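Enquirer: First the structure, which I've put down as structure tokens, then a few questions once you've had a look.
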């Protein structure tokens, strides 16, 4: 693929775990050069993201750090600040998700960097922002799920809170940050000035929850209880078939009639409680009890054929084992196997965004810590002796296999 949107843009990646690496991974998919600065102890996700053959590259780490150039530095040691200044000077964008006070101590906060380099775009991804009573507190995805109300939604539906079993807040906030950076690039191209961006995970996720679930209490006075009562209904769940589960959604009046006929519930067709969108909204509990009944008379494949014939949105509920074998994902080549320099055969997931009819390349596999330390230090203008001295002092670390 040629002429990628961010070709020639350089990103200095001061992030770890999921939210920051997810953001910079997305920018890399658009063609930006990503330089990942990793601490000597390594990104926590190298081990936290699951087992791996060598213990150095979990599956999650591999997928989130493809195509990034890796330089390993101990930022607390003498000489690191001078190296970072050179890396900053050569970058267009700096992305960080360290705690703000740590960045200030290292001289890597937005105020210091943009005072020297006003044209830079600096994006800080935080748990709780830099003001307000929660500012500076530590956090992780599950904690944000709790405080933002995400984990509290199952409390309404099922009687107890539950986490979404993936790092959903990290992924969402990372994508939001990538979008904000792209907007800042447009501004810089038009006005010639940089931007200081801040993406707080808590506020971001709380806003998403409230956009959907303030619902009736969006009004003063409230016109009903909070929450989208359809989504919070205990019967809003996949339907059991004779051999598995199926996900079905029906919203419009024609879809409802087609569904009831397809599942043999013709007696409900004349029930005024379910005849219109408004009626079903008023009788949401009763409607979802009808809609949520098991479909145990046929297999998943048989029901899919039935629903497809009447243009109802329905798909099988995949397990982690079956998802990558989905016929559509196989046909579009979303995942393929490749050789990693230290981990052997590994799965490589391509970008899902097509640009001018092409998908961006999968790029190179995620690198070991310090894989390009020497090369990058040379590129910023250090001599061979200066590089050797930094390595000898432990300020710079070369490849760790």
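Throughout, read-outs are computed from the coordinates displayed, never taken from laboratory work. Bear in mind the structure is a predicted one, so any value in this text is a computation, not a measurement. Positions of Cβ are generated from backbone atoms using ideal geometry, with glycine treated the same way; all protein chains shown enter the neighbour counts.
Enquirer: For 83, 19, 306, which order do you get if you count the other beta carbons within 10 Å of each Cβ and list the fewest first? Provide the component values of the computation, followed by the final result.
Expert: Details: 83 23, 19 29, 306 17.
Final ranking by Cβ density, sparse to dense: 306, 83, 19.
Enquirer: Can you tell me the FRET efficiency between residue 222 and residue 272 if r is taken as the Cβ-Cβ distance and R0 is 25 Å, rounded to the nearest 0.05?
Expert: Values: r = 27 Å, r/R0 = 1.07.
Computed FRET efficiency for residue 222 and residue 272 comes out at 0.40.
Enquirer: Let me have the relative contact order for the range 263-360, percent, based on Cα pairs under 8 Å that are six or more residues apart. Let's see the in-between values first.
Expert: Values: 53 pairs, mean separation 10.0, N = 98.
Reported relative contact order: 10 percent.
Enquirer: Something else about it: Taking 0.36 nm per intervening residue step and subtracting the Cα-Cα distance, what contour gain separates residue 253 from residue 183 on full extension? Present the calculation step by step, with values, prior to reporting the outcome.
Expert: On the way: separation 70, 0.36 × 70 = 25.20 nm, distance 3.98 nm.
Working it through step by step, the gained length comes to 21.2 nm.
Enquirer: For helix 201-213, report the angle its Cα long axis makes with the longest principal axis of the Cα atoms of the chain; keep it between 0 and 90° and round to the nearest 10°.
Expert: Taking Cα atoms only, the helix is inclined about 20 degrees.
Enquirer: Provide the descending list of Cα extents for the range 71-164 along its principal axes, expressed in whole angstroms.
Expert: So the extents along the principal axes, rounded to whole Å, are 55, 26, 23.
Enquirer: What percentages, rounded to whole numbers, describe P(r) for the range 184-257 computed over all alpha carbon pairs with 10 Å bin width beginning at zero?
Expert: Reading upward from the zero bin: 14, 22, 26, 19, 15, 4, 0.
Enquirer: Relative contact order (percent) for the range 188-304, with alpha-carbon contacts under 8 angstrom and 6 or more residues of separation? Walk me through the numbers on the way to the answer.
Expert: On the way: 101 pairs, mean separation 29.2, N = 117.
Averaging sequence separation for qualifying contacts and normalising by length gives 25 percent for the range 188-304.
Enquirer: Now a separate question. Using the alpha-carbon atoms, what tilt in degrees (0 to 90, nearest 10) does helix 168-191 show relative to the longest principal axis of the chain?
Expert: 60 degrees
Enquirer: Let me ask something else about it. Compute the distribution of all C-alpha to C-alpha distances in the range 90-228, in bins of 5 Å from 0, and list the percent of pairs in each, rounded to whole numbers.
Expert: In order of increasing distance, the bins hold 2, 9, 16, 18, 16, 14, 10, 7, 5, 3, 1, 0 percent.
Enquirer: Something else now. Top mean-square fluctuation among 364, 91, 297, Gaussian network model of the chain, C-alpha springs under 10 Å?
Expert: 297
Enquirer: Compute the distance in nm between two label points, each set 7 Å from the Cα along the Cα-to-Cβ direction, one at residue 137 and one at residue 328.
Expert: About 3.9 nm, to one decimal.
Enquirer: If you don't mind, there's one more thing I want to ask. Need one number: nm distance between label points at residue 78 and residue 51, each 7 Å from Cα along Cα→Cβ, rounded to one decimal.
Expert: 4.5 nm
Enquirer: Follow-up question, since we're still on this one. Using R₀ = 45 Å, calculate the FRET efficiency as 1/(1 + (r/R₀)^6) where r is the Cβ-Cβ separation of residue 90 and residue 294; round to 0.05. Write down the numbers at each step before the final one.
Expert: Details: r = 61 Å, r/R0 = 1.34.
According to the calculation, E is roughly 0.15.
Enquirer: Given Cα pairs under 8 Å that are at least 6 residues apart, what percent is the relative contact order of the chain?
Expert: Values: 674 pairs, mean separation 77.4, N = 401.
With pairs under 8 Å counted, the relative contact order is 19 percent.
Enquirer: Take the alpha-carbon positions of the range 239-316, form their convex hull, and give its projected area averaged over all directions (one quarter of the hull surface) in nm². Write down the numbers at each step before the final one.
Expert: Details: hull surface 17.8 nm².
The directionally averaged projection comes out at 4.5 nm².
Enquirer: Can you give the helix-only mean residue ellipticity at 222 nm for the chain, where every DSSP H stretch with n ≥ 4 adds -39500 (n - 2.57) and the sum goes over all residues, rounded to the nearest 500 deg cm²/dmol? Provide the component values of the computation, followed by the final result.
Expert: Values: 18 runs with 155 residues, N = 401.
Value at 222 nm, helices only, nearest 500: -10500 deg cm²/dmol.
Enquirer: Cut-off 19 Å, label point 7 angstrom out along Cα-to-Cβ of residue 240: give me the residues of the range 290-314 whose amide nitrogen falls inside.
Expert: What the label zone holds, given the 19 Å backbone N cut-off, is 290-304.
Enquirer: Using alpha carbons only, how many degrees (0 to 90, rounded to 10) separate the axis of helix 80-89 from the longest principal axis of the chain?
Expert: Approximately 70 degrees, to the nearest 10.
Enquirer: While we're looking at this one, here's another question. State the Cα centre-to-centre distance between the range 172-230 and the range 373-401 in whole Å.
Expert: Centre-to-centre distance over Cα atoms comes out at 41 Å.
Enquirer: Can you tell me the equivalent ellipsoid semi-axes for the range 270-401? Use √(5λ) from the Cα gyration tensor, largest first, whole Å. Intermediate results must be reported in sequence, preceding the final value.
Expert: Numbers: eigenvalues 625, 74, 47 Å².
Working from the Cα gyration tensor, I get semi-axes of 56, 19, 15 Å.
Enquirer: Okay, moving on. Calculate, for residue 207 and residue 388, the FRET efficiency according to 1/(1 + (r/R0)^6) with r their C-beta to C-beta distance and R0 41 Å; round to the nearest 0.05. Spell out each step's value before the answer.
Expert: Details: r = 50 Å, r/R0 = 1.22.
So, using R0 = 41 Å, E works out to roughly 0.25.
Enquirer: Just how many % of Cα pairs in the chain lie over 36 Å apart, if you round to the nearest whole percent?
Expert: Numbers: 30452 of 80200 pairs.
Taking all Cα-Cα pairs of the chain, the fraction more than 36 Å apart is 38 percent.
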